[in-house]
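Please read the structure below before turning to the comments.
Just so you know, all these numbers are worked out from the coordinates, no wet-lab data involved. All of these numbers come straight from a predicted model, not from anything done at the bench. Cβ placement follows ideal geometry from the backbone for every residue including glycine, while neighbour counts extend to all protein chains displayed.
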Amino acid sequence: MKESAKSRATFVFLAGIARPLMNVLMAKKWEGTEKLPEGGFIAVPNHCTEIDPIVIGHMLYNQKRPPHFLAKSGLFKVPVLGSLLRATRQIPVERSTAGANRSLQVAKEVVDAGGSIIIYPEGTLTRDPDLWPMKGHTGAARLALQTGAPVVPMAHWGAQEVFPRYAKRFHIFPRKTVRVLVGEPVDLSAFRDKPMDRTTLAEATELIMDAVTGLLETLRGEQAPAERWDPANHQQAKHGRFVERGLKPGSAASTEANPTGASEAPDLEGGK
């Protein structure tokens, strides 16, 4: 995707701040970057800490692939921040059917123009107690089937040691290494001629989540649980912070919303 002069300048400005900071906070090891497609693609990483978008954005930008994220629409109204988001063509989203459809349309335009879209298929930070990927939403699968763009699974591990899930401060010492592993594009060809209904999207999403989970197993050197964590089965909301064990429902620590906003994507299910 050919970025505008304003977009390129804004990315350079932001990278000038973020990259040195990330290099101070953590060592990095990126694997599989040669698998990134030349044209537009949809990146689907796991999501276990609020700084995930910076980790993935850092990797993609260094591969000369400016990242385009889904961000809460309210962030675009914040002075300065909103201008930066618009300048780099980040995508505003709302948690409604109409808002989700508008977000998908903008994302489709970015991918069709050769850009990279980052969608967290889990929709929010994983609720799995051991930080394995949980049940995914269908937005990434829907966009992939609409555009024909490749879906590139990614997994990272180590960032949660620098900034644990729902933490209030960074843990810099001892210095940690964050690894990012990029996988082969997920083969969704079996779904191309099927109706884009709930069943098709759910099956395609499971395939995507299997790919992401497999990459994380490689990074962690462990096997994921046989059954993927489903918040609905544990009386947990789809979005925002969940009630952690040992905390009473309604306490400040158990109900505080995700403060980052940009890292928490909607399900983008388009009312299906």
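Assorted remarks:
- Among 120-127, 199-206, 71-78, 54-61, the peptide with the highest mean count of other Cβ atoms within 10 Å heads the list, and the full ranking is 120-127, 54-61, 199-206, 71-78.
- Rel. contact order, % - alpha carbon contacts under 8 angstrom, at least six apart, region 134-253: 32 percent
- For region 83-153, the C-alpha radius of gyration sits at 1.19 times the compact-globule guess of 2.2 N^0.38 Å, with N the residue count.
- Cross-link pairs beyond the 28 Å C-alpha cut-off, checked among LYS29/LYS77; LYS28/LYS64; LYS72/LYS194; LYS108/LYS168: LYS29/LYS77; LYS72/LYS194; LYS108/LYS168
- Taking N as its residue count, the alpha carbon Rg of region 135-200 over 2.2 N^0.38 Å: 1.60
- Rounded to 5, percent antiparallel among DSSP beta bridges of the chain: 15 percent
- Angstrom value of the Kirkwood radius, inverse mean 1/r, which spans all Cα pairs in region 85-241: 17.1 Å
- Value of relative contact order over the chain, rounded to a whole percent, pairs C-alpha under 8 Å and six or more apart: 28 percent
- Cα convex hull of region 176-221 - mean projected area over all directions, nm²: 4.0 nm²
- Checking [x] 10; [y] 37; [z] 20 against the coordinates, the calculated percent of Cα pairs over 35 Å apart falls under label [x].
- Debye-sum result for region 27-91 in log10 I(q)/I(0), which assumes one identical scatterer on each alpha carbon, at q = 0.18, 0.27 Å⁻¹: -0.78, -1.34
- When you count the other C-beta atoms within 10 angstrom of each residue and take the mean per peptide, 235-241, 168-174, 188-194, 64-70 line up highest first as 64-70, 235-241, 188-194, 168-174.
- Debye-sum result for region 22-153 in log10 I(q)/I(0), which assumes one identical scatterer on each alpha carbon, at q = 0.13, 0.15, 0.19, 0.21 Å⁻¹: -0.56, -0.76, -1.24, -1.47
- Across region 116-176, the mean sequence separation of Cα contacts (distance under 8 Å, 6 or more residues apart), normalised by length, yields a relative contact order of 21 percent.
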